[in-house]
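Some notes on the structure that comes next.
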Amino acid sequence: MAAVEKRRPAVAQSANFTDSGRASVSRAAAAAAESEEDFLRQVGVTEMLRAALLKVLEARPEEPIAFLAHYFENMGLRSPANGGAGEPPGQLLLQQQRLGRALWHLRLAHHSQRTAFNNNVGVAYECLSASGRKKKPGLDGRTYGELLKRICRDGEAPEEVVAPLLRKIQCRDHEAVPLDVFRAGMLTCFVLLEFVARAGALFQLLEGPAVAVADRRVGQAVLDTLEGALQASDNTAAPACYLEAGSRLGPDSLALAMDRAMSGRRPSSPMTREEFLEKAAALFIAKVKPVG
């Protein structure tokens, strides 16, 4: 019995040692985890992931994983210090990279998602405003104009359709472009592209079954009806409102205009798709206020 009693304190001490060992291991693991979190925070990974997840919530893409992959692949240059890499031989390449990243950010959200689109416009503006060692930060008219042209070119809009718009919203190459002008230009470009796409879909309804042209009387009647809808929205200067005005063209009003046009017995010359799109875009562009 005495031998047994003598062993009990040893067992108790052993148990205490085990408990203290576990506590030490837990504290060490907690310290390591905290150290890892601090490291991720210090190098910017935490904030970067948070920003990426916010972009997913804003855009709500159909394939979130693919969206994140493209996001990390096309992350914009935020720091002016990064702008000095490759100067002067790589300056042109660097500029093209910035334009590509800015364009990618602008396409993350549709312009109808106003908050998300405006946030992305701000990020794109920062990408293009990053400067090198020998250049002051800011966005000039030349870079702004190049981005406008890329948006229109990638949108597959005919050059003769978008050229009048670019002349109204472009700035001089040496001019500084403030954020509000940049935002208005981006929004106007994207709205025009959608406006032209909808006009193209409308022209498909007017085309003859065997030819890619429409009756001129019918096409002009539709354009006149569209012009009336745009004039009814003259109380606002927002480009998106003109797009909404065009969308409010009901089938009844269009059908009535087409019936009136077809009631004439005189022969009519054909109207091509290019002519129809150019005239429809001209109605929209006439409402856009020029820069300055």
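The values are calculated or read from the model by the stated rules, or taken from the named source; none is laboratory data. Please read all numbers here as calculations on a predicted model, not as lab measurements. As a convention, Cβ positions derive from the backbone with ideal geometry for all residues, glycine included, and neighbour counts pool all protein chains shown. SASA here: full protein model, heavy atoms, side chains in, ligands and nucleic acids out. Shrake-Rupley method; radii C 1.70, N 1.55, O 1.52, S 1.80 Å.
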Here the net charge surrounding Val45, from other residues whose Cβ is less than 13 Å away from its Cβ (Lys, Arg +1; Asp, Glu -1), is -2
Once the whole set of protein chains is in place, how much accessible area is left on Ser112, using a 1.4 Å probe, in Å² to the nearest 10?
80 Å²
Let me check against my output: what whole-number percent is the relative contact order of segment 95-188, with C-alpha pairs under 8 Å and at least 6 apart?
29 percent
Sticking with the crude label model, points 7 Å out along Cα→Cβ, report the distance from Glu175 to Glu58 in nm, one decimal please.
2.7 nm
Listed residues Glu63, Glu37 arranged by accessible area, highest first, probe 1.4 Å:
Glu63, Glu37
Ignoring everything but the protein chains, give the 1.4 Å probe accessible area of Met48 in square angstrom, nearest 10.
60 Å²
Just reorder Lys289, Lys149, Lys55, Lys279 by solvent-accessible area, largest first, 1.4 Å probe, all chains present.
Lys289, Lys149, Lys279, Lys55
Excluding ligands and nucleic acids, what accessible area in Å² is computed for Thr143 using a 1.4 Å probe, to the nearest 10?
10 Å²
